[in-house]
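Below you'll find the structure, written out as structure tokens, and then a few comments.
Where a number appears in this text, it was derived from the coordinates with a stated rule and is not lab data. What you are looking at is a predicted structure, and each value in this text was computed from that prediction instead of being measured. Cβ placement follows ideal geometry from the backbone for every residue including glycine, while neighbour counts extend to all protein chains displayed.
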Amino acid sequence: MADDTGAHRAVATDAIDAASDRRGPLRPDRMQTARTRASGPGLARLFQFGDGVALGAASLVAGLVMPLPMTMWLGAPLLALVLLVATGAYVMRKRERSRRRFGRLLLAAVAASGGAGTLCGLLDPTFPALACATWAATAGTLLMVSHMIWGQVLANLRQQGLLTPNLIIVGGTPAAERLIRRAMRTRDVNILGIFDDRHDRVGPAILGVPVLGKTTDLIDHRILPFADRIVITVTAKANARIAQLIERLAPIPNSISLLLEDADDESASQAVGRIADFDLMQVSGGGQRASYLAAKRALDLILGLAGLIALAPLMATIAVAIRLDSPGPVFFRQRRHGYMNEEIVVWKFRSMKVEASDFTAARQVSADDDRVTRVGRFIRKTSLDELPQIFNIISGEMSVVGPRPHAIGMQSGGADASKLVETYAHRHRIKPGLTGWAAVNGSRGPINTAEDVRRRVALDLEYVERQSFWLDIAIILRTAPCLLGDSEGVR
């Protein structure tokens, strides 16, 4: 039986450390996967929402002094938020000095509160000056308090390793050395390791950061789920080498960026400085919109919790039927690939005899498979065996909509399915799902041939490229009819 997710993640982290006796000076004490780490854009949106609440409170306080016109209730907070964005109030870089940040914040708060209050006074000459001053003073004070609190929150997240970007460097070049030196000085990025094909010439480490292998070793390395970005450091003139590295690293799901080594020391230093904010030439792995991710997560929690409550009696009935039908546990847990190749433990109702359990999916299920129990045939046919994955959705390891998670080492036609398509791992650029674009387009259940694998991956990647909130809703609405109309499918 598979261990729980937290224990398995700890084992994976220990395995990474065991691969190198040196952690290096820029690897965090506590490794966090890309999925469990905080999103900068998402925090900024939450930060802005907090400011909106503060500005609304300012209008409420001013309204106690004197009745406010509609321009003040709506226009002033909206204009203040626009001015906050324009003055860079939500740009909070770690390397920025506290005094400069406080000064920029003070300027933003004064501009937002004073500018909004003044404009409303100009739009409505009858607007009382006392109420305008009260609103501006209250808004400025609340904004200062809000931003100071959020500054402390960001500092705590960075200290816990939940916000500082994790990078992997490909290429032991002078540009890589400059990046490492700057990271040691500012601590605004974590560098987990280096991969270089010239391992013998580069040595076991560069400025203490361990060289973990060649570029080919990176493709299946256990450190990938912990990295936010792969940074290729090469000379700008090495066009052939750049193309070769990009092609070689094509199978990995992580975002890849270029840090070109400029001939000019000043421009090279500026490029290294920008890397902490990911202002790089990105060549693969486009970022996801923070608003979409927030809406998707909210949908997952709402449907997950509602589904757990509504389906609890059905799930309890299935559990009893499984225990009465055959000896063994109710649940089957299997390690599968999740976001950014992270290994997660996926829950299902057990549909096979215990002695025939196939944790690596070495043999796909076939029609009249003698390993499947009587209850198992029914719950597999109706996909009811997947219901316990609601727990994976609530915990954040899975989503309601996304590519179906495949077992690690799954075989198809006698070959490892992940090796049949070069871009197979790109389907892991988003969380796996309970249902997905492939499932509602006829690709569900076992994939027995290389062609089946290619079609499944093609549909998954189509979803990765097209993903949107409304597409997710459409897939959810299409899922039930697809299941009911798939009576002939082998599950």
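Annotations for the structure displayed:
- Between amide H atoms placed 1.01 Å from N, distances below 5 Å from G436 occur with G402, all of them 5 or more places distant or on a separate chain.
- Amide H contacts under 5 Å for G213: D196, restricted to partners 5 or more places along the chain or on a different chain, H placed in the peptide plane at 1.01 Å from N.
- Two-site label geometry, E177 and L60: point separation in nm, points 7 Å out along Cα→Cβ: 5.9
- Checked against a 22 Å cut-off, the cross-linked pairs K353/K419; K353/K381; K348/K431 give Cα-Cα distances beyond that limit for K353/K419.
- Rough spin-label spacing in nm, given labels placed 7 Å along Cα→Cβ, for A319 and L78: 5.1
- The stretch between T216 and I149, if pulled fully straight at 0.36 nm per residue, gains 19.7 nm over its current Cα-Cα span.
- Summing Lys and Arg as +1 and Asp and Glu as -1 over all other residues whose Cβ lies under 11 Å from the Cβ of G213 gives a net charge of -3.
- Extended-chain gain in nm, criterion 0.36 nm per residue less alpha-carbon gap, R158 and Y292: 45.9 nm
- Distance between region 308-335 and region 228-259 - C-alpha centres, whole angstrom: 47
- On full extension, the segment bounded by S395 and F49 gains 122.1 nm, given 0.36 nm per residue less the C-alpha separation.
- 5 angstrom amide H check on F331, placed H, neighbours 5+ away: R350
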